[in-house]
1. Amide H of A:I355 versus every other amide H placed in the peptide plane: which residues, excluding those fewer than 5 positions away on the same chain, fall under 5 Å?
2. Please state the charge dipole magnitude for the protein assembly as shown, taken about the Cα centre, from unit charges on C-beta atoms (+1 on K and R, -1 on D and E), reported in debye and rounded to the nearest 20.
3. Which value in nm describes the separation of the simple spin-label points at B:V66 and A:D106, placed 7 Å from the Cα toward the beta carbon?
4. Summing both sides, how much accessible area is buried between A and B? Use a 1.4 Å probe and give Å² to the nearest 100.
5. Estimate the FRET efficiency between A:H4 and A:A44 by the formula 1/(1 + (r/R0)^6), using the beta-carbon distance for r and 25 Å for R0, to the nearest 0.05.
6. Counting only protein chains, not ligands or nucleic acids, how are A:I67, A:I244 ordered by accessible area (probe 1.4 Å), most first?
7. Leaving ligands and nucleic acids out of the surface, order B:S4, A:S285 by accessible area at 1.4 Å, largest first.
8. Please compute the average number of Cβ atoms from other chains found within 10 Å of each residue's Cβ in peptide A:175-181.
Amino acid sequence: MRRHTIAPRKHWQATVARTGLTCHTLDDGTPYWDESAYWEFSAAEVDRLEAATAQIQEMALAAGDHILDHNRLEEMKIPSAAAARIRETWNSEPPALYGRLDLAYDGRQIKLLEYNADTPTALVEAAVTQWYWLEDCFPKADQFNSLHEKLVAKWQDLLPYLQQPVYFGHDGSEEDFLTVSYLRDTAQQAGHKTVPIAMHDLGWETAGARFVDLDCKPIQSLFKLYPWEWLLGEEFGPHALESIGAVNWMEPIWKMMWSNKALLAILWELYPNHELLLPAYLDGSRNLQDYVKKPLYGREGEGVTVFRNWVAEEGDTEEGVACVYQKLASLAVEEGNTAVIGSWLVDGEPAGMGIRESSGTISNNTSRFVPHLFR
Amino acid sequence: MRKSKEVPLTVLAALALFVTGCHETPESRNCVDEQGRIVPDTNCQAYSSTGAHYHYLYGGASGGHVGDAVVGGSATPSSSSGVSRGGFGGGSGGEGGGE
């Protein structure tokens with residue numbers, strides 16, 4: 001893998017906005033979508049990343065069985081009220097759409113950093129914006145990116161299983177709004193009727209004991225870009241649990257097992273010294289000298305601390321929250337840019353990748369998205 | 001070849017669909033700006049990229065036209081129809097739930 005610098009397209013802001021990426025620039029005026037560089041991979045490297053993604057998915061499936069067979073939800077700080085529903089949906093397999101593995105790859109070793117299984121974003125950039133960038137700039141090159149096709153195909157598979165319309169719940173940021181809009185788009189292309197709804201507009205009808213939209217129509221299919229740990233912690237949390245079955249929630253509640261960073265320690269326990277995993281522990285840093293401390297429910301780099309030689313060097317420690325301690329990975333660094341690979345899965349299958357760059361070691365919501373190609 | 005064969009350019013079309021929304025709601029509501037003046041509903045249904053903040057006011061009194069001020073009203077719908085709202089959406093502090 002190699003990083004190239006390149007002149008951005010003229011009027012790139014308008015170009016990427018036309019294909020849907022309106023949040024292309026950060027608040028400080030620097031690009032979020034950064035096409036002043038791209039990463040080039042060989043076909044063999046992409047083969048390795050694809051195979052690693054599929055293999056980690058297999059291990060995550062085994063970890064899900066293990067967590068439930070050995071009653072480890074409490075240790076993962078997953079609310080006990082959710083346990084029965086997690087178990088039930090793990091077995092009944094209601095619709096689940098997508099996820100993103102964050103991988104460290106330095107051209108030699110591939111290591112799992114975490115699994116964003118419940119509410120992954122940076123999807124428009126990966127599926128659409130970099131696809132059009134490639135068409136414009138390197139039409140003869142290839143890209144590890146069949147996200148759009150696979151999303152539409154998955155929605156087609158779900159047509160018999162989902163009551164119409166499918167509601168798409170969003171909350172807060174422009175990035176989330178774009179992600180939800182794009183997913184609506186893929187669902188519509190597959191033949192679903194879709195309706196957007198803000199999370200705070202979801203209604204609970206006491207008489208019918210059901211969720212309703214703003215017209216008081218019952219909601220039976222709901223994609224929500226809103227993590228389960230938030231849903232459960234809010235006023236309607238008990239209703240969400242009660243409604244499972246009557247409502248197809250996507251992603252399903254069992255995804256709490258994978259989006260929780262305790263998964264990393266459980267995987268290491270199940271597959272010690274596996275080449276795709278980093279040592280990770282729930283009870284402290286043990287013998288690790290250079291490591292990262294991550295809250296089990298941390299989001300977008302929040303609360304993550306990097307320790308080198310046992311000394312905290314980067315990040316903010318959140319006191320009093322359960323954490324996982326994971327060995328510091330070797331990341332690709334070029335010209336001061338640290339790259340993390342977001343490897344996408346649709347319907348459990350590898351579907352493409354996006355690369356985020358940071359100036360430091362910790363990726364967060366301002367990490368730049370840099371396109372890629374392979375030859 | 002691992003890339004999608006085509007990515008139809010309908011994202012913006014999908015975004016545009018956000019403005020269609022629903023027009024009949026169980027309770028009257030108006031999309032208002034920070035000063036409480038009525039603005040088109042599209043402002044509340046799509047994310048504002050200009051940094052301006054718009055929200056719905058449920059109930060209240062106004063002339064009902066864009067630019068009119070709404071007197072009274074509540075940021076959360078009442079539960080008079082047996083439907084309560086606002087039970088989700090408090091988690092993000094505006095940052096959104098994606099990662």
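The values are calculated or read from the model by the stated rules, or taken from the named source; none is laboratory data. If you're wondering where the values come from, they're calculated on a predicted model, not measured in any experiment. Because the Cβ atoms are built from the backbone with ideal geometry, glycine has one as well, and the counts that use them run over all protein chains shown. What goes into the accessible areas is simple: the full protein's heavy atoms, side chains included, and nothing from ligands, DNA or RNA. Shrake-Rupley method; radii C 1.70, N 1.55, O 1.52, S 1.80 Å.
1. Residues meeting the criterion, in which the H sits 1.01 Å from N, are A:G342, A:V370.
2. Working: 38 positive and 64 negative charges, 158 e Å.
Here the size comes out at about 760 debye.
3. About 5.7 nm, to one decimal.
4. Numbers: alone 16230 and 7840 Å², together 19190 Å².
Buried area between the two chains comes out at roughly 4900 Å².
5. Details: r = 18 Å, r/R0 = 0.74.
Using R0 = 25 Å, I get an efficiency of 0.85.
6. Details: A:I67 0, A:I244 25 Å².
Heavy-atom accessible area, descending, gives A:I244, A:I67.
7. Numbers: B:S4 5, A:S285 25 Å².
Final ranking, largest accessible area leading: A:S285, B:S4.
8. Values: counts 5, 7, 9, 4, 3, 5, 10.
Neighbouring Cβ atoms belonging to other protein chains average 6 per residue here.
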